[in-house]
Every structure is written in C-alpha cells, then in structure tokens.
Amino acid sequence: MEKRMVVSQQDCPARKVPSGQPTIIPAGSFLTITQALGGNYTLTLNGNMVRVDAVSYTHLRAHETPEHL
C-alpha cells in the first residue's frame, strides 16, 4: 500500500503504538496511513503511530488528500 494522507472528519478512537494506550484522534487532524492489514490501519498522527480498526476508520475516510503527495 502506498502511503496516503487523510483528514479526520469526526473524533475517532485509536490506540497508540506500541503501548496500546487508548487515545482519540481529533476531528480535522491530518494523518498519514502507513499500513493497512486485516482491517486494521496504522497511522501517523503528529509524529506518533496509532492503530485504528476498520469500524473506526470510516470516521477518517470522508476527505482524502491526493494520493501522490
């Protein structure tokens, strides 16, 4: 998968990598999708990695930026 940038449209639950600590991705955050495996997504938010499951990921997909950045 090629890295892509997205903008979260709603607050979205996530877990920090590697600690697994719950966190919230605020609406309007710019994120980079770094990996998509098995319905889970690894993202970079403000230099930190977070994991989002497929259900929560729908909050992020509404406005994707151009694929080739």
The chain, relative contact order in percent, only Cα pairs under 8 angstrom and at least six apart counted: 41
Dipole of the chain, positive end: most advanced residue of ASN46, GLN21, THR58 [Cβ charges, Cα centre]: GLN21
Highest to lowest packing among 21-28, 9-16, scored as the average C-beta count within 10 Å: 9-16, 21-28
Å² of accessible area per residue within the chain, as computed with a 1.4 Å probe and no ligands counted: 62
Within the accessible area of segment 1-62 (1.4 Å probe), percent carbon and sulfur: 52
Positive minus negative residues near THR23 (Lys, Arg vs Asp, Glu; Cβ under 14 Å): +1
Two-site FRET efficiency, THR58 against VAL17, from Cβ-Cβ distance with R₀ of 22 Å, rounded to 0.05: 0.60
Between segment 17-39 and segment 41-56, the Cα center-to-center distance that results, in Å: 1
Label assignment, Cα Rg over 2.2 N^0.38 Å derived from the structure, set (i) 1.36; (ii) 1.07; (iii) 0.98: (iii)
Within the chain: Cβ-based charge dipole about Cα centre, in debye rounded to nearest 20 (Lys, Arg +1; Asp, Glu -1): 180
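The values are calculated or read from the model by the stated rules, or taken from the named source; none is laboratory data. Keep in mind it's a predicted model, so treat the numbers as computed, not measured. Please note: Cβ atoms are built from the backbone with ideal geometry, for glycine as well, and neighbour counts cover all protein chains shown. In case anyone asks, the SASA skips ligands and DNA or RNA and just uses the protein heavy atoms, side chains included. Shrake-Rupley method; radii C 1.70, N 1.55, O 1.52, S 1.80 Å.
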